[in-house]
1. Given the structure, is Phe90 hydrophobic (A, V, I, L, M, F, W, C), out of contact with any Phe, Trp or Tyr (no Cβ under 6 Å at 6 or more places or on another chain), in the same structural domain as Ala158 (by TED's automatic domain parsing) and outside any loop (DSSP other than H, G, I, E, B)?
2. Could you list, in sequence order, all residues of the stretch 14-33 that are within 27 Å of Ile96 (Cβ to Cβ) and at pLDDT below 80?
3. Contact list please: Cβ distance under 8 Å, first residue in the stretch 141-166 and under 19 Å from Gly200 (Cβ atoms), second residue buried (at least 18 other Cβ atoms within 10 Å of the Cβ) and of a type in the set (D, E, K, R), pairs at least six apart or on different chains.
4. Is there a residue being of a type in the set (Phe, Trp, Tyr), touching a Leu at 6+ places or on another chain (Cβ under 9 Å) and under 24 Å from Ala66 (Cα atoms) anywhere in the stretch 126-137?
5. If you go through the stretch 127-154, how many residues are over 15 Å from the mean Cα position of the chain (by Cα), of a type outside the set (D, E, K, R) and either surrounded by fewer than 19 Cβ atoms within 10 Å (Cβ to Cβ) or not in a strand (DSSP E or B) (or both)?
6. Checking Arg57 against (1) of a type outside the set (Asp, Glu); (2) under 30 Å from Tyr151 (Cβ atoms); (3) not assigned by TED's automatic domain parsing to the domain that holds Trp30, which test does it fail?
7. Could you please find all residues in the stretch 110-162 being among the aromatic types (Phe, Trp, Tyr) and at pLDDT below 95?
8. I'd like the full set of residues that are under 9 Å from Leu108 (Cα atoms) and of a type in the set (A, V, I, L, M), limited to the stretch 80-95.
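The values are calculated or read from the model by the stated rules, or taken from the named source; none is laboratory data. Just so you know, these numbers come straight off a predicted model, no measurement behind them. For neighbour counting, all protein chains shown are included, and Cβ atoms are generated from backbone atoms with ideal geometry for every residue, glycine included.
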Amino acid sequence: MRWLISILLISVLCSSCRKDRNSDGVDIKWRVKLDDDIPLNLFNFDPLIYKDLVIQRVKNRGKIIAFNKTTGEEVWRWTDGFDNYGVDGFEVGGYIYNNMLITGKTNLTVAINLDTGETVWENLANTNSVPFIRGVGDKIVKYDYNPEVVYFIRLGNANTGEFETIHHWEREDGFFIANTLPLIFEWEGVEYVVWSQVNGVEQQE
């Protein structure tokens, strides 16, 4: 039996949306050019599939583009992180809640409306931030830090972007300190946040 498979292909090689057939005889439903002159070391994160959208993040171009998954037509484009702060505004980790993608880059954490591509809220940390967001319901966690000096575990509200510090620790001797990504989960009706703290080898002067 021969399987007939329709492929949604987001490509950096072609120039327009069109129905096509690849060399293996598989129907390509549509393909879209993301950018011109993308360097070979550019990494495009895996697409997100949400409702009727295919959402592609284009690293080092500061773009999140949503396409209609049936036609390949562009529905919206988000560039606020790049336009306002000169950063992509997103990383690999993200959390989808209440029709929002919560993600970030550098010290910027944002919530993007997945229907419209508009920024719902943004939060700027006073230090570095790792916006590898994880959540349970409307609660989200991340950590902010000054490398090897101080780390803050931050619990936030997914609807408002307001964060509070629930734990911090500082270096008190000559050893490096580090922190793993905080994770949040629910077990038997109770919500927990878990992470690991690390003391490293002695610093070399």
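1. Details: hydrophobic (A, V, I, L, M, F, W, C): yes; out of contact with any Phe, Trp or Tyr (no Cβ under 6 Å at 6 or more places or on another chain): yes; in the same structural domain as Ala158 (by TED's automatic domain parsing): yes; outside any loop (DSSP other than H, G, I, E, B): no.
So Phe90 fails the test.
2. Cys17 - this is the single residue of the stretch 14-33 that is within 27 Å of Ile96 (Cβ to Cβ) and at pLDDT below 80.
3. Tyr143/Arg154; Tyr151/Asp144; Phe152/Asp144
4. The initial filter retains those residues of the stretch 126-137 that are of a type in the set (Phe, Trp, Tyr), namely 132.
Going one step further and asking which of them are touching a Leu at 6+ places or on another chain (Cβ under 9 Å), we end up with 132.
Still in the list and also under 24 Å from Ala66 (Cα atoms): 132.
Checked against the condition, which is being of a type in the set (Phe, Trp, Tyr), touching a Leu at 6+ places or on another chain (Cβ under 9 Å) and under 24 Å from Ala66 (Cα atoms), the stretch 126-137 yields at least one hit.
5. Number satisfying all stated conditions: 8.
6. Failing condition for Arg57: (3).
7. Restricting attention to the stretch 110-162, the residues satisfying the condition of being among the aromatic types (Phe, Trp, Tyr) are 121, 132, 143, 145, 151-152.
Result: Phe132, Tyr143, Tyr145, Tyr151, Phe152.
8. Pass one, the stretch 80-95, residues under 9 Å from Leu108 (Cα atoms): 81, 85, 87, 89-90.
Val87 - this is the single residue of the stretch 80-95 that is under 9 Å from Leu108 (Cα atoms) and of a type in the set (A, V, I, L, M).
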